[in-house]
Each structure stands twice: as structure tokens, then as C-alpha cells.
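Participant: Got a structure here, written out as C-alpha cells. Questions coming.
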Amino acid sequence: MKVTLATHGGQAAAIRLRLPPEVLDTDTLPTNTAAELAELVAAVGPAAGTERPPGRARDAMSYTITVENDGRTTVLTQSDTTMTPEFAALLGWLERHFAQR
């Protein structure tokens, strides 16, 4: 499974414009870590691909997590103002992983 995280907006948007999305291939992870990520992805589910009506928040961030698995691609998009707890858990896990690189 390949997971890509792209962030958009926020106060530092101009800085991030030059940064490519972060990419993680579960083939490079220990088995237990890859399983943990797979569980988080499954918990979010495809319903997260449709963002709820936006709330009003100046400089809110939006996040796109693209999951490629077994020939299928799922795009999950949410923002700071519309994020589900499951999406937040997945996002937090990815951000912690990428910060450790």
C-alpha cells in the first residue's frame, strides 16, 4: 500500500507550495507498523473522501490523503474544520511518521 499526504492552505501555505507531498510505501515498514497504518486507513473509510460543508475558519488547513492499494486509489480529503476523529488519527500517525524521517 502506498499512502500520500498533501497539505493545503494555512498561514504557511506559500512555504508549502514548494514542498512535494509526503509518500509512504508500507513495503518499507516493519510488519506491525504497516498493519497499524492499514487499520487506521480502514477506520477512516471511503466516506471521508467527500468533505462536509466547510466551516468558517480563517487560515484553516486542508489535507488530502491518497491511498493506493491492490490497484485501487482512494482519495480522502478533510480540513481542520470538518475533520472526523478517524481522519485525525490517521493524519496524526502520518505526520508523526514523516517527522521522524
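The values are calculated or read from the model by the stated rules, or taken from the named source; none is laboratory data. Computed from a predicted model, the values in this text were never measured in an experiment. Cβ placement follows ideal geometry from the backbone for every residue including glycine, while neighbour counts extend to all protein chains displayed. Just the protein is used for accessible areas: all its heavy atoms, side chains included, with ligands, DNA and RNA removed. Shrake-Rupley method; radii C 1.70, N 1.55, O 1.52, S 1.80 Å.
Participant: Filter segment 81-101 down to the residues that are without any contact (Cβ under 8 Å) to a residue 40 or more places away in the chain and not hydroxyl-bearing (Ser, Thr, Tyr), then identify the one that is surrounded by the most Cβ atoms within 10 Å (Cβ to Cβ).
Facilitator: Checked segment 81-101; the qualifying residue surrounded by the most Cβ atoms within 10 Å (Cβ to Cβ) is MET83.
Participant: To continue, here is another question. Within segment 77-98, restricting attention to residues that are assigned to a loop (DSSP other than H, G, I, E, B) and over 23 Å from PRO20 (Cβ atoms), which residue is modelled with the lowest pLDDT? Break it down into steps so the answer makes sense when it comes.
Facilitator: Narrowing segment 77-98 to residues assigned to a loop (DSSP other than H, G, I, E, B): 80-84.
Still in the running and over 23 Å from PRO20 (Cβ atoms): 81-82, 84.
Working: THR81: 87, THR82: 84, THR84: 93.
Among those residues, the one meeting the criterion is THR82.
Table: residues versus (1) at pLDDT 95 or above; (2) open to solvent by 90 Å² or more (accessible area, probe 1.4 Å); (3) of a type in the set (Gly, Ala, Ser).
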{"position": "LYS2", "(1), (2), (3)": "yes, no, no"}
{"position": "LEU24", "(1), (2), (3)": "yes, no, no"}
{"position": "THR31", "(1), (2), (3)": "yes, yes, no"}
{"position": "ALA34", "(1), (2), (3)": "yes, no, yes"}
{"position": "ALA47", "(1), (2), (3)": "no, no, yes"}
{"position": "ALA60", "(1), (2), (3)": "no, no, yes"}
{"position": "VAL75", "(1), (2), (3)": "no, no, no"}
